[in-house]
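Read through the structure below, which is laid out as C-alpha cells, and then see the notes.
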Amino acid sequence: MSWIEQFREDGYTIVRGLIELDVRAAVVEECTALVDLLAERLVSDGKAPSTFADEPFDTRMIRLYEGRADETPTIFRPELHRADFFGLFGHPGLLDLAEAVLGPEVRLYPNYSARPKLPENDRTLVLWHQDAGYTASDADVLRMLNVWTPLVPATRENGCMEIVPGSHKRGVVRHEKDTYYLRIADEVIRPLEDEAVAIECDPGDVVLFSNLVFHRGLPNRSQHIRWSLDFRYQDATQPTMRAMNGHLVRSRLRPLEVVSGADAWASLSLR
Ligand SMILES: O=C(O)CCC(=O)C(=O)O
C-alpha cells in the first residue's frame, strides 16, 4: 500500500527517514536555544542553581525544573518563529506530501508546537482526542494533514502517540472537557482502546495523520524528555476557524504571499 492509500485507509501513515539529519540537528539547536533562555531566567530568578548547559538535550529541562514540575513549560508555540524551525515546517518533501493530500493551496495551521514531554508530569499528558474535536463546526470538518515528528526516539516507554487505525471514518465524535485538553467521551473510546497502535518512531520519521483519527500521547515513564514537534497543514482555501490565519507555505493562487524561506519565517509571528 502506498503512503497515501494507508493514510486514507487507516487515518495515518509513518514516512520513515524523511527529515534529513542536518535539518533535525538545526531544529534541536533551536530548541536548545529556547531552553537556554528559560535557563537564564530561572537562574536570574534564583529558581535554578545553574543553567545546566552541559546537560544532554533530553534531560536538561528535568534538571532545570527539579522540584518545580508545575512550572515546566509543556509546549512552545509563538517561540517557534526562529529560522531553523522552517527547515521542518517548510520542508519541500513534506510540502509535496501535504500538496498530494490537500491540493495546491497549503497553509501551516496556526498551532505548530514543540513539546518537551517530561517524565511523570500529568500536565504533558494528551488524552484521547480528534484534532477536529477542536475545530469542527456543524457545517464542515477542516481539510487538514497533521504531522508529528520526534527529536528523540519515541517509544511506548517515553510516551509515543497511540492511534486507533480507521477511527477517522467515524466522523467527529463527542468530546468532553478535561483539565487541560478535550478528551473523547468514555463510551466512544472504551470499546476501541484494544485496537490502539503505539506509534513508535525515530528522529527523521514523520507521522502523517488525519484530523479525525483518534489519538493520544502515552505517559512518559522513562528518565528522559520525549521531545517532539507537531503541526498541521490545511487547505488554505478554507477558513482556519480561529482568530489566527497561519502562514501560506504553498500556493498557485497567491505565490507572493508564500513564506519565502527561513529568514522570512523568523521575521513573522504566530498569527
Ligand atoms: O505529542 C503528543 O503526545 C500528542 C500530540 C497530539 O495529540 C497532536 O499532535 O495532535
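Examine the stretch 260-270 for a residue that is acidic (Asp, Glu), surrounded by fewer than 19 Cβ atoms within 10 Å (Cβ to Cβ), in a helix (DSSP H, G or I) and in contact with a helix residue (DSSP H, G or I) (Cβ under 8 Å, 6 or more places away or on another chain), and state whether such a residue exists.
So far as the stretch 260-270 goes, yes, one or more of its residues are acidic (Asp, Glu), surrounded by fewer than 19 Cβ atoms within 10 Å (Cβ to Cβ), in a helix (DSSP H, G or I) and in contact with a helix residue (DSSP H, G or I) (Cβ under 8 Å, 6 or more places away or on another chain).
Of all residues in the stretch 217-271, which are in contact with a strand residue (DSSP E or B) (Cβ under 9 Å, 6 or more places away or on another chain) and β-branched (Val, Ile, Thr)?
Once the filter is applied, which keeps residues that are in contact with a strand residue (DSSP E or B) (Cβ under 9 Å, 6 or more places away or on another chain) and β-branched (Val, Ile, Thr), the stretch 217-271 yields Ile225, Thr240, Val249, Val258, Val259.
Tally up the residues in the stretch 211-250 that are within 29 Å of Asn121 (Cα to Cα) and more than 16 Å from the ligand (Cβ to nearest atom), please.
1
Inside the stretch 80-128, can you point out the residues that are among the charged types (D, E, K, R), buried (at least 18 other Cβ atoms within 10 Å of the Cβ) and farther than 28 Å from Leu253 by Cα?
Within the stretch 80-128, Arg115, Lys117 qualify.
Could you tell me which numbered condition Pro191 fails, if it satisfies all but one of (1) part of a loop (DSSP other than H, G, I, E, B); (2) surrounded by fewer than 16 Cβ atoms within 10 Å (Cβ to Cβ)?
Among (1) part of a loop (DSSP other than H, G, I, E, B); (2) surrounded by fewer than 16 Cβ atoms within 10 Å (Cβ to Cβ), the lone unmet condition for Pro191 is (1).
Can you find a residue that is polar (S, T, N, Q), out of contact with any helix residue (DSSP H, G or I) (no Cβ under 6 Å at 6 or more places or on another chain) and away from the ligand (no atom under 14 Å from the Cβ) anywhere in the stretch 176-195? Full working, then the answer.
Initially, the stretch 176-195 is screened for residues polar (S, T, N, Q), giving 179.
From the residues that got through so far, the ones that are out of contact with any helix residue (DSSP H, G or I) (no Cβ under 6 Å at 6 or more places or on another chain) too are 179.
Pick out the ones that are also away from the ligand (no atom under 14 Å from the Cβ) and you get 179.
Looking for residues that are polar (S, T, N, Q), out of contact with any helix residue (DSSP H, G or I) (no Cβ under 6 Å at 6 or more places or on another chain) and away from the ligand (no atom under 14 Å from the Cβ), one finds at least one in the stretch 176-195, hence yes.
Just the residues that are more than 16 Å from the ligand (Cβ to nearest atom) and of a type outside the set (D, E, K, R), please, taken from the stretch 93-124.
If we filter the stretch 93-124 for residues that are more than 16 Å from the ligand (Cβ to nearest atom), which is where we start, we get 93, 95-97, 99-107.
The answer is Gly93, Leu95, Leu97, Ala100, Val101, Leu102, Gly103, Pro104, Val106.
Taken together, the values in this text are just the output of simple stated rules run on the coordinates, not laboratory data. A quick note: this is a predicted structure, and the numbers were derived from the prediction, not measured. Note that we place each Cβ from the backbone using ideal geometry, even for glycine, and neighbour counts take in every protein chain shown.
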